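Notes follow the structure.
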Amino acid sequence: MTAKSLARIGMIAFAAVLTSLAARGAAAEELRIGFLAPTTGPFAQIATDMINGFQLYLKDHDGKLGGATIKFIVEDTQGKPATAVLKAEKLIKQDQVHMLIGGLLASEGYALAPVSTREKTLYVSSIPASDNLTQRDEPNYPYFVRTGFSSSQPSHPIGEWACQQGYKKIAAQAADYAFGYEVVGGFQKTFEECGGQIIQKLWPPINTMDFGPYIADLKQDADAIFSLPVGAGVLQFPKQLAASGNKKPVIGAGTAYDEFVLPSMGDEVIGSVSALQYSAALETPENEAFVKEYRAEFGKVPSYYSESNYTTAKMIDAAMTQAGGSWPGPLPFLEKLVAVKVDAPRGPISLDDMRNPIQNVYIRRVEKREMFGYPKPELWNVVIKTYPQVSQFWKWSKEEFFKQPVYSRDYPPCKYCE
Amino acid sequence: MRTGVSRRRKLWAVVALLIAVAAITPHSTPFLVLLITRILILAILAMSVDLLLGFTGLSSMGQAAYLGLGAYLTAILATRCQFGLGWDFLLVILFGILLGVATAALFGLLALRAGGVYFLMITLALSQCVWGLAYRWNSLTGGDNGINLPDRPVLGMIRLGNDAAYFYLVLGFFLVSLVSLYVLVQSPFGHSLVGIREREVRMRILGYNTWLHKYIAFIIAGGFGGLAGVLWAELSGQVSPEELTLTTSVDALLMVVLGGPGTLMGGVFGAAIVLFLREYLSTLVPWWQYVLGGIYVLAIYYLPDGLLGLLRRSPDAAVAAAEPVPSRGVGAAVGRHGTALNPKRRVSE
């Protein structure tokens, strides 16, 4: 091999390096987002709401966030944690996404958080709500950030609210899994500290379709019922409760009357109260514009699943703008994201030092009325009280809050159950 | 009955295929490495189902239980005892197999009291019990949230956290499983299992303890299920009750039926087809479920012997035309060689 040909090879190699560098420079303008949602199976409708929410924001901003062009790749998790992990690895290793967004079930969130640590890739949990991901397990997941809510976050205010309404005894009935334990646990904690009594806790299995036996079991001396059905039970439970002749007020977890299912519900849910960080009936200019645009685009009212992902896009937009439109690397980006404060459709939102949102929690009552100039009276989650800027630790300090274990089936203990 | 393609040629084809997989996989895309590793693990599970369904004629609907037990054992040892993070991982594999064997030894006592649909129902119920345990024993299993494992073990210089390294480890265990199961079904014991599948009464009359044969086959299948579970837990780095659901058991059965029961390699091809369609096609198109469903329907209509039945069928076609051969469908597995369903033979018994 002559010196000349060596030199030529050297030049070609140099050119190749330059081109690849140039390509990399160009790629920095592109922000690749891997979006995980169960687009097939029983949660397909929720997955659609999630994707629509994010894409609406992208559409409004010409497919750009903070100046970077977005490559939006959706993968189907099928609602299975192992599949979520496989798809996340695909997005990270093959599509080389800068961040993962989404997941729906708590089990998906728990499965994806370690992937983010292992692969040093940002994971923005827009829906999975398990308390511990931003509480006791937070140190394990430095690349994890939540933009939705933690399960017990809306429960603390509504527990206090229920007590202030004068309810003394409440019977709780919730789906038998971690989300149910955490929602009921938070409610019980503040309700009992204020002087109320949870006199019963019933845990129907997660796929319960017939609530008859559980409804018949509800204690008659309760002033109100706290309920958290999931899946198909969300529709079924209120129907069966009404059919049983129930006259007691019903308090529900935020997801029990969410807009993803509210339009399909009957008048029996009118008067039911629930708490969440969002309601489509929120009368702010920001939300009214969001609801109208979303409804015009997708033909239905946005649910909290839509709003949460819309707001996630908005927060990434703000952080990318801070970064000058180029990807600064996962941890520097996370730093910018944590510092972001935006006015979302749900209201002002910022992140605490464990990367969970501090946000308003709304106590909402289902009412049938006309809103935002729509002609027909419909069911809306009308906001009756706002708890501004609620932290996941409610009124306690972080240290004080961590003295208790995570809410579970047995914690807080049911002191007043017979 | 002579098989269509000679046994030696089939062996060479399998060897060539496996060498190709071993050589090409690490150079494919990162996603494919993970997917093929997953296929190999579920292929071990499918082969264990095939030992029962294809060779012994027992349709077990509970194989997910052993997968789950192996997986939870790995996760619990790794998180609670920091056991299985280095060379002791090989011990975890051994424990996983033993747990599968022990559980199958217990479950077998209950399930093998019955046959046919009743056997299917009992195995289903037992595996649901294991699922319930995983789902409700919160303090040990983390309930619905599952357990996250620490990083994959490091074996001396080899970091299994590297997907290619882990792929080779899984491939190794897959080969060991394939070869040992092949030796097993070719052994006199394996032949008696086929005899039981064909006509249990006759085997009993001949003096075989058919219950014991089935029991041993059931236990061996459980052991391979446990092995698959250990490998599965380390692959995805987490376990959850989702892995133990009925769907996993049904999947394993479908893989065998699709590929061809009674062939061992059929389950492997079945696992490859199902997972490619489900996990790979779903990254490309949103309507992957229709393709999967369509293939199931077509396979049941036109390939009652599964994909590998094609190899066996074509040279037989002439014979079949000359002399009617009883159905060789899965449901009629008992009648495969024309004994049970052939009235003439029955008269001569």
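Going by the conditions given, is A:Lys87 surrounded by 23 or more Cβ atoms within 10 Å (Cβ to Cβ) and within 8 Å of chain B (Cβ to nearest Cβ)?
It is true that A:Lys87 is surrounded by 23 or more Cβ atoms within 10 Å (Cβ to Cβ) and within 8 Å of chain B (Cβ to nearest Cβ).
Looking only at the range A:154-187, which residues are crowded, with 24+ Cβ neighbours inside 10 Å, more than 19 Å from the chain's Cα centre (by Cα) and assigned to a helix (DSSP H, G or I)?
Once the filter is applied, which keeps residues that are crowded, with 24+ Cβ neighbours inside 10 Å, more than 19 Å from the chain's Cα centre (by Cα) and assigned to a helix (DSSP H, G or I), the range A:154-187 yields A:Gly159, A:Ala162.
If A:Phe191 passes every condition in (1) within 19 Å of the chain's Cα centre (by Cα); (2) buried (at least 24 other Cβ atoms within 10 Å of the Cβ) but one, which one does it miss?
That leaves (1) as the condition not met.
Working only within the range B:1-50, note down all residues that are within 14 Å of another protein chain (Cβ to nearest Cβ) and of a type in the set (Gly, Ala, Ser).
If the condition is that a residue be within 14 Å of another protein chain (Cβ to nearest Cβ) and of a type in the set (Gly, Ala, Ser), then B:Ser28 is the only one that fits.
So in the range A:48-65, with the set limited to residues that are of a type in the set (D, E, K, R) and surrounded by fewer than 19 Cβ atoms within 10 Å (Cβ to Cβ), which one is farthest from A:Leu104 (Cα to Cα)?
Going through the qualifying residues, I end up with A:Asp62.
Out of all the residues in the range B:152-161, which are without any contact (Cβ under 8 Å) to a residue 40 or more places away in the chain and either among the basic types (Lys, Arg) or within 12 Å of chain A (Cβ to nearest Cβ) (or both)? Walk me through how you get there before you give the answer.
Restricting attention to the range B:152-161, the residues satisfying the condition of being without any contact (Cβ under 8 Å) to a residue 40 or more places away in the chain are B:157-159, B:161.
If the condition is that a residue be without any contact (Cβ under 8 Å) to a residue 40 or more places away in the chain and either among the basic types (Lys, Arg) or within 12 Å of chain A (Cβ to nearest Cβ) (or both), then B:Arg159, B:Gly161 are the ones that fit.
Out of (1) in contact (Cβ under 8 Å) with a residue 60 or more places away in the chain; (2) farther than 22 Å from B:Thr123 by Cα, the odd one out for B:Trp287 is which?
Unmet condition: (1).
Of all residues in the range A:104-163, which are among the β-branched types (Val, Ile, Thr) and at the interface with another protein chain (Cβ under 10 Å from one of its Cβ atoms)?
Hits for the range A:104-163 are A:Val115, A:Thr117.
Which residue, of B:Leu124, B:Leu85, B:Leu133, is outside any helix (DSSP H, G or I), among the hydrophobic types (A, V, I, L, M, F, W, C) and surrounded by 15 or more Cβ atoms within 10 Å (Cβ to Cβ)? I'd like the intermediate steps shown before the answer.
Values: B:Leu124 fails: outside any helix (DSSP H, G or I); B:Leu133 fails: outside any helix (DSSP H, G or I).
Step by step, each of B:Leu124, B:Leu85, B:Leu133 is checked, and only B:Leu85 is outside any helix (DSSP H, G or I), among the hydrophobic types (A, V, I, L, M, F, W, C) and surrounded by 15 or more Cβ atoms within 10 Å (Cβ to Cβ).
For B:Val194, state whether it is more than 23 Å from B:Leu106 (Cα to Cα) and touching a residue at least 12 places away in the same chain (Cβ under 8 Å).
yes
Pick out, from the range A:21-114, the strands (runs of 3 or more DSSP E) lying fully within it that include 3 or more residues that are at negative phi and outside the structural domain of A:Gly324 (by TED's automatic domain parsing).
none
Consider the range B:16-31. How many of its residues are more than 25 Å from B:Val257 (Cβ to Cβ), of a type in the set (A, V, I, L, M, F, W, C) and without any contact (Cβ under 8 Å) to a residue 12 or more places away in the chain?
Result for the range B:16-31: 5.
Kindly check whether there is at least one residue in the range B:265-284 that is in contact with a strand residue (DSSP E or B) (Cβ under 7 Å, 6 or more places away or on another chain), under 23 Å from B:Ala134 (Cβ atoms) and buried (at least 22 other Cβ atoms within 10 Å of the Cβ).
Looking for residues that are in contact with a strand residue (DSSP E or B) (Cβ under 7 Å, 6 or more places away or on another chain), under 23 Å from B:Ala134 (Cβ atoms) and buried (at least 22 other Cβ atoms within 10 Å of the Cβ), one finds none in the range B:265-284, hence no.
Would you mind finding the one in B:Gly57, B:Gly100 that is in contact with a Phe, Trp or Tyr (Cβ under 6 Å, 6 or more places away or on another chain), over 30 Å from A:Lys90 (Cα atoms) and of a type in the set (Gly, Ala, Ser)?
B:Gly100
From (1) crowded, with 23+ Cβ neighbours inside 10 Å; (2) touching a strand residue (DSSP E or B) at 6+ places or on another chain (Cβ under 9 Å); (3) more than 19 Å from A:Phe333 (Cα to Cα); (4) not polar (S, T, N, Q), pick out the condition that doesn't hold for A:Lys80.
(2)
With the requirement that a residue be of a type in the set (Gly, Ala, Ser), at pLDDT 90 or above and under 26 Å from the mean Cα position of the chain (by Cα), what does the range A:206-251 give you?
A:Ser227
Consider B:Ile44 carefully, then state whether it is in contact with a Ser or Thr (Cβ under 6 Å, 6 or more places away or on another chain) and either without any contact (Cβ under 8 Å) to a residue 60 or more places away in the chain or farther than 22 Å from B:Gln186 by Cα (or both).
Against the criterion (in contact with a Ser or Thr (Cβ under 6 Å, 6 or more places away or on another chain) and either without any contact (Cβ under 8 Å) to a residue 60 or more places away in the chain or farther than 22 Å from B:Gln186 by Cα (or both)), B:Ile44 does not qualify.
Kindly indicate whether any position in the range A:257-278 is on the phi > 0 side of the Ramachandran plot and either touching a residue at least 24 places away in the same chain (Cβ under 8 Å) or touching a Cys at 6+ places or on another chain (Cβ under 7 Å) (or both).
Yes.
The values are calculated or read from the model by the stated rules, or taken from the named source; none is laboratory data. Small disclaimer: the values here were computed from a predicted structure and weren't measured. For neighbour counting, all protein chains shown are included, and Cβ atoms are generated from backbone atoms with ideal geometry for every residue, glycine included.
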